[in-house]
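Everything below concerns the one structure shown next.
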Amino acid sequence: MSGGSGGVTAIRPKESRRTIAMKQEKARAGASKTHSSVAAKPTRSSGYATLRPGLSVVISRMVSVLRFVAAVAAAVLLTAASAEAAVRIRIDLTAQQLEAVTPQGETVRWKISSGRRGYETPRGTYSVMRMEADHHSDEYDQAPMPYAIFFSPRGLAIHGSYERGLGRPLSHGCVRLAVANARQLFGWVEKHGATIEITGGAGGGRSLAREEVERPRVTRPPRPMYEEPAFQSNWGGFAPF
């Protein structure tokens, strides 16, 4: 302590290194406590963080639904495109006519012979089940059915026929075509596929009754030619006079 003009001045003793270190440690402890208390307080950002897991689940489900819808739409468009690229076959039972349109727009119309009375060709929309270029019917005595395009589980087909009578319903339910026309249609369908639509009724032409068609014809033997009878005379050696 030193005297002056009536005042007293206190001299602070120098702090030791140990004291300084203790003060720094206390300051650090206080700072970390303050930080932890601030972090423990709920804030708006922490509330959003708790909502994120539920929101991600919703978003994931929405993405799955959108993917499913996109897949269905793509399948529908693909089906429509494939149907548009196929040969469109329309069969009119009333007119006894087949119309075929290729994907390139080429159109043909041919006479047919559909199922007769009792064997009517069924109406409806069909797809091609199988194709055989050289088919013979197991049901009807191996009858030839060249260039057969089968469209029904009943074994019905569009095929060529060597029989006469196109333009009238004469078959057992199949759709008969001239062989050359059946060959051309077979090639188109083999290349592009086809959709088959059958409409109308079997009213075109005269439909023969089943017994009229299936009754065997009776072949009569030819009549014998008439010949003059040969007479022999027994008067050759008779001389009355």
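The values are calculated or read from the model by the stated rules, or taken from the named source; none is laboratory data. Bear in mind the structure is a predicted one, so any value in this text is a computation, not a measurement. No Cβ is skipped: glycine too gets one built from the backbone with ideal geometry, and neighbour counts run over all protein chains shown.
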Exercise. Restrict the check to segment 119-134 and report whether at least one residue is touching a residue at least 60 places away in the same chain (Cβ under 8 Å), among the acidic types (D, E) and surrounded by 14 or more Cβ atoms within 10 Å (Cβ to Cβ).
Key: yes
Quiz item: What about G115, is it exposed (fewer than 14 other Cβ atoms within 10 Å of the Cβ) and either at pLDDT 85 or above or over 23 Å from E190 (Cα atoms) (or both)?
Solution: no
Practice problem: All but one of (1) among the charged types (D, E, K, R); (2) touching a strand residue (DSSP E or B) at 6+ places or on another chain (Cβ under 9 Å); (3) at pLDDT below 95 hold for D138, so report the exception by its number. | Solution: (2)
Quiz item: Do we find that A133 is more than 22 Å from A95 (Cα to Cα), in the same structural domain as E99 (by TED's automatic domain parsing) and among the hydrophobic types (A, V, I, L, M, F, W, C) in this structure?
Solution: yes
Quiz prompt | Matching option when the condition is among the β-branched types (V, I, T) and either modelled with pLDDT of 75 or more or on the phi > 0 side of the Ramachandran plot (or both), among T125, T50, T43 | solution = T125
Quiz item: Given T79, T19, which one is β-branched (V, I, T), at pLDDT below 60 and either under 30 Å from V175 (Cα atoms) or in a helix (DSSP H, G or I) (or both)?
Solution: T79
Quiz item: Restricting the search to segment 126-159, which residues are in a loop (DSSP other than H, G, I, E, B) and of a type in the set (D, E, K, R)?
Solution: D138, E139, D141, R154
